[in-house]
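The values are calculated or read from the model by the stated rules, or taken from the named source; none is laboratory data. In this text the structure is predicted, and so the values were computed from the model without any measurement. Every residue, glycine as well, gets a Cβ built from its backbone with ideal geometry; the counts of neighbours run over all protein chains shown. Protein only, heavy atoms only, side chains kept; ligands, DNA and RNA dropped before computing areas. Shrake-Rupley method; radii C 1.70, N 1.55, O 1.52, S 1.80 Å.
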Amino acid sequence: MEILANAGNHFYGIFQAGGQFLTIYVVNFIPWIIIMITFMHILFKLIGLERIEKIANVLGKNPITRWSLMPMLCMMFSGNPMTYPYARFLPENQKVAFFDAAISYCHPVTGLFPHANPGELFVFLGIATGVFVAGYDLGFLAISYFLVGILVIFIRGLVTQLIYNAKFKKKYGSMEKKEA
Amino acid sequence: MYNAVKIEKGHGGWGGPLIIQPTEKKNKIVSITGGGIDPLSKKIAQLTGAKAIDGFSKGVSDDEIACVVINCGGTLRCGVYPKKGIMTVNLTPVGQSGPLAQYIKEDIYVSGVVEKGITLADGSEVVEFAEAVVEEVRAEENYDDVKDDNWVARGGKALAGFATKCVQGGKEAIDITIKDILPFMAFYALLLGMIMYTGLGGLMAQYVYPYLGTLPGLLILVVICGMPMISPLVGSGALIGQVLSVLVGLGIALGAFPVVLALPAFFAVDAQVGCDFIPVGLSMGDAENETVDIGVPSILLSRLITGPIAVVIAYFFAMAMYAV
């Protein structure tokens, strides 16, 4: 009898422990995420995709913004994975570095703008929950992730471009691709 | 003689493509958008040779309607016409929505339509009208009652458009929360519940977090995640990154992982981000195959270098910020 009762209680215990975590998530995160996504959708509909494409096109023209502000802007407005088609604004030899910078920003963006990648929120939310439970504010953490993320993707874009150029030269002899 | 047109959904739209083929009896394109006949109805009328009519100022019996053009934000009109079996073109990009959602089907409804989504259907798609003659029809001859919008109509339309956008924003937010966010919350809550209830959390607090919660610990983690033979395997769906993040979060909540290292930990668990997705992502940007061939190893190698750099930058940023 006692064994049976214990087994039953342990069975519930696991799920009740899980339920406590679910409560933390739902009570503390879901409400502001819903309001935030609502606001962003209204804002983006008012701004329109054409304007974003125009700005992205301009930002792609120089390497500094191409690996920092352009991926940030595209990610904020188009999200993951619809940011990657923006590479078509760029010459062929710049697409790889842009893609690397852009996809590396698909998690730093979610701290402030969860709508951009709602399916992979927990890369931010996992650590953020711990910080929240430990009694710290999330605002500072989210904005630091966002800003340091821009610096990181810039360096990543630069390094990837250099490696790409080197591999390209090794394979084709020069930066001009020979016609097949 | 009427021409068939093909109407395809636009950005964010749903349903279709529809083939609209007016007949001698069903020869009216009814615009129910408020404030006269909208340009889309004019275009359909122009291409098919049917007659565009402002549905608000003139009633049309259902059996004369070839199709209706509406700008419904997802409550009523978008379901009413499909329910009656009338081809429905919605200018607003909404899918199956509203109290009559079950009548909204791909073969009778298309939404988010813009002008370039309307083309003459080629013969193969409307078999019985294969020899439809393309005839220049001057659009101007085909409408009734074209009125200029007055300022009340314009203001009303703008307000209705804004309200629609707001409600749609809310709908999308709820959709995303239910489809994309809550399932992950359920999964990670279960994972954490099991770790804590079985006592694994306590063991990790003793034996794992003290080592992981240092700069060298994070660097070892990022190098493992960033290794070119590992990163494409652990990049899939960001699952490993998310699980690692949840585990680090648990360490912080337990007080076993220093909260100062939260920022560098973000970059330590994520060196592999998207490594499984490189060929797909590059082809979304119209990259050529040769570019992809060189691009994949370039990115994988870059991650091994920039992963640790990212952790170090974030580490010093966090240290500097907490010192202030």
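No other residue among A:Arg88, A:Arg66 is within 9 Å of chain B (Cβ to nearest Cβ) and open to solvent by 10 Å² or more (accessible area, probe 1.4 Å) apart from A:Arg88. Among the residues examined, B:Gly170 does not qualify as part of a helix (DSSP H, G or I), over 21 Å from A:Pro108 (Cα atoms), more than 7 Å from chain A (Cβ to nearest Cβ) and open to solvent by less than 40 Å² (accessible area, probe 1.4 Å).
Quick one: which residue in B:Thr92, B:Thr33, B:Thr23, B:Thr48 is polar (S, T, N, Q), outside the structural domain of B:Leu159 (by the TED database) and closer than 15 Å to B:Thr119 by Cβ? If you could, list the steps in order and put the result at the bottom.
Details: B:Thr92 fails: closer than 15 Å to B:Thr119 by Cβ; B:Thr33 fails: closer than 15 Å to B:Thr119 by Cβ; B:Thr23 fails: closer than 15 Å to B:Thr119 by Cβ.
After applying the criteria, what remains is B:Thr48.
Give the residues of the stretch A:15-41 that are closer than 17 Å to B:Phe187 by Cα, among the β-branched types (Val, Ile, Thr) and free of Cβ contacts under 8 Å to residues at least 24 places away in the same chain, sorted by residue number. The answer is A:Thr23, A:Val26, A:Val27, A:Ile30.
Of the residues examined, B:Gly226 is one that is more than 26 Å from the chain's Cα centre (by Cα), more than 8 Å from chain A (Cβ to nearest Cβ), crowded, with 24+ Cβ neighbours inside 10 Å and not aliphatic (A, V, I, L, M). If only residues of the stretch B:176-197 that are more than 7 Å from every other protein chain (Cβ to nearest Cβ) and modelled with pLDDT of 90 or more are counted, the one that is nearest to the chain's Cα centre (by Cα) is B:Ile178. Has the stretch A:45-55 got at least one residue that is part of a helix (DSSP H, G or I), at pLDDT 90 or above and surrounded by 22 or more Cβ atoms within 10 Å (Cβ to Cβ)? No, the stretch A:45-55 has no match at all. A:Asn117 meets all of the listed conditions (1) facing chain B (nearest Cβ under 10 Å); (2) more than 11 Å from the chain's Cα centre (by Cα) but one, namely (2). For the stretch B:278-305, give me each residue that is touching a residue at least 40 places away in the same chain (Cβ under 8 Å) and over 12 Å from A:Val96 (Cα atoms). Result: B:Leu301, B:Arg303, B:Leu304.
Quick check on A:Met70: is it in contact with a Leu (Cβ under 6 Å, 6 or more places away or on another chain) and more than 21 Å from B:Ser231 (Cβ to Cβ)?
Working: in contact with a Leu (Cβ under 6 Å, 6 or more places away or on another chain): yes; more than 21 Å from B:Ser231 (Cβ to Cβ): yes.
So A:Met70 fits the description; yes.
Residues in the stretch B:248-261 that are surrounded by fewer than 24 Cβ atoms within 10 Å (Cβ to Cβ) and under 17 Å from A:Val148 (Cβ atoms) were compared, and the one that is nearest to the other protein chains (Cβ to nearest Cβ) is B:Val259.
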